[in-house]
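Below is one structure, written out as structure tokens, with a few remarks after it.
The values are calculated or read from the model by the stated rules, or taken from the named source; none is laboratory data. Computed from a predicted structure; not experimentally measured. Every residue, glycine as well, gets a Cβ built from its backbone with ideal geometry; the counts of neighbours run over all protein chains shown. Each accessible area value is taken on the protein alone, full model and side chains, heavy atoms only, with ligands, DNA and RNA left out. Shrake-Rupley method; radii C 1.70, N 1.55, O 1.52, S 1.80 Å.
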Amino acid sequence: MEVGSNWTCPYCRHAQVVSYERIHDADSELKVQASQLASPRIRVTAVVCANEQCKQLTLITALSSVVAINSLVGGGRKNTRKVVKKWNLLPASTAKPQPTCVPEPLRADYAEACAIRDLSPKASATIIRRCLQGMIRDFCGIKKGRLIDEIEELRKRVDAGNAPRGVQHDSVDAIDHVRGIGNIGAHMEKDINTIIDVDPHEAQRLIELTEMLFEEWYEARHRREQRLKKIGAIAAEKALAKKPPAKDGPQTL
């Protein structure tokens with residue numbers, strides 16, 4: 001990240017251009033000896049959101065080391081560095097702010113999955129699996145004993161045209177894929193020596209599916225309800241305006 005680059009605040013999702021006075025970016029050598037890491041360095045990046053209603057601080061640190069020393073034409077050398085570890089200190093996770101039209105338990109599961117994505121991708125995938133099951137039960141009104149049974153019932157309703165607005169075949173297929181991936185974290189293989197891993201990038205794809213369904217299901221329904229409510233309010237206002245004014249009753253002296 002550098003001055004003049006495009007950046008989106010992780011707190012308020014406000015898109016902006018990074019300005020000189022809102023960023024601190026410093027790289028420091030760690031003066032230690034006999035480390036397994038060659039010439040370790042720490043980079044600290046801090047950015048303040050330009051949105052007046054936000055102004056939150058994003059803080060990131062990264063540890064890097066030299067992985068290759070390249071000779072330059074005409075003499076001299078150039079080090080090739082690789083990031084060994086990166087920490088998102090503020091905010092603690094990549095979770096995007098979700099509107100209140102998404103039920104709080106689902107928002108909590110989503111935020112937790114984001115928070116542990118790098119620490120335990122398998123656990124993150126398992127929580128996303130639970131979050132999607134909660135969405136099927138809440139948004140689609142399907143409650144059965146097992147997630148696989150709930151997915152099959154939802155698939156039948158989509159085929160019959162009885163699924164809630166916004167629920168599509170490809171969405172159901174994607175949820176079924178998440179069920180399988182989430183099972184890796186939820187259930188041990190019959191052969192305990194068989195290790196099937198989930199990496200952070202794969203867990204992130206599941207998180208992004210959840211974000212997409214939050215938008216396509218809950219947010220789209222909320223926007224539709226709000227627009228129809230406004231139309232109803234306009235109709236009621238016009239109907240009231242059409243009523244003749246009340247006549248004054250007979251006056252008595």
| field | Of Lys31/Lys55; Lys144/Lys229; Lys31/Lys78; Lys55/Lys86; Lys96/Lys122; Lys143/Lys229, those spanning more than 28 Å from alpha-carbon to alpha-carbon | value | Lys31/Lys55; Lys144/Lys229; Lys143/Lys229
| field | Estimated inter-spin distance, Lys82 and Ser39, nm [label 7 Å along Cα→Cβ] | value | 1.6
| Using the Cα gyration tensor of segment 1-43, with a ≥ b ≥ c the square roots of its eigenvalues, what is the shape: rounded (a/c below 1.5), prolate (a/b larger than b/c) or oblate (neither)? | prolate
| field | Sites Asn51 and Asp170, calculated FRET efficiency, Cβ-Cβ separation with R0 35 Å, nearest 0.05 | value | 0.55
| remark: Phi-derived 3J(HN,Hα) across segment 228-244 with the Karplus relation (6.51, -1.76, 1.60, θ = phi - 60°), rounded Hz, x for Gly and Pro, is 5, 5, 5, 4, x, 5, 5, 4, 5, 5, 5, 5, 5, 5, 6, 5, x
| When only DSSP loop residues count, what trypsin sites (Lys or Arg not before Pro) in segment 75-151 have their Cβ near at most 15 other Cβ atoms within 10 Å? | Lys143, Lys144, Arg146
| said: Probe radius 1.4 Å, ligands and nucleic acids left out: which of Asp27, Asp109 has the largest accessible area, and how do the rest follow? | reply: Asp27, Asp109
| task | Could you check which residue among Ala163, Ala239, Ala92 shows the biggest mean-square fluctuation in a GNM of the chain with a 10 Å Cα cutoff? | result | Ala239
| query | Roughly how many Å is it from the Cα centre of segment 199-229 to that of segment 112-154, as a whole number? | reply | 14
| query | For labels at His14 and Ile148 in the simple 7 Å Cα→Cβ model, what's the distance in nm? | reply | 4.9
| Ellipticity estimate at 222 nm from DSSP helix runs (n ≥ 4, -39,500 (n - 2.57)) divided over the chain, nearest 500 | -13000 deg cm²/dmol
| query | Of all the accessible heavy-atom surface of the chain, with the other protein chains kept in place and a 1.4 Å probe, what percent is carbon and sulfur? | reply | 52
| field | Prolate/oblate/rounded label for the chain (Cα gyration tensor, a/c 1.5) | value | oblate
| task | Under 1.5 on a/c is rounded, so check that first for segment 52-185, then, if it is not, pick prolate when a/b is larger than b/c and oblate when it is not; a ≥ b ≥ c are the square roots of the alpha carbon gyration tensor eigenvalues. | result | prolate
| said: Full-extension gain between Thr100 and Glu219, please, as 0.36 nm times their residue separation minus the C-alpha to C-alpha distance. | reply: 41.9 nm
| field | 11 Å beta-carbon shell around His222, net charge (K/R +1, D/E -1) | value | +2
| If R0 is 41 Å, what FRET efficiency do you get for Met212 and Glu2 from their C-beta distance, rounded to 0.05? | 0.85
| message | Two decimals, Cα atoms only, Kirkwood Rh: what is Rg/Rh over segment 82-157? | response | 1.09
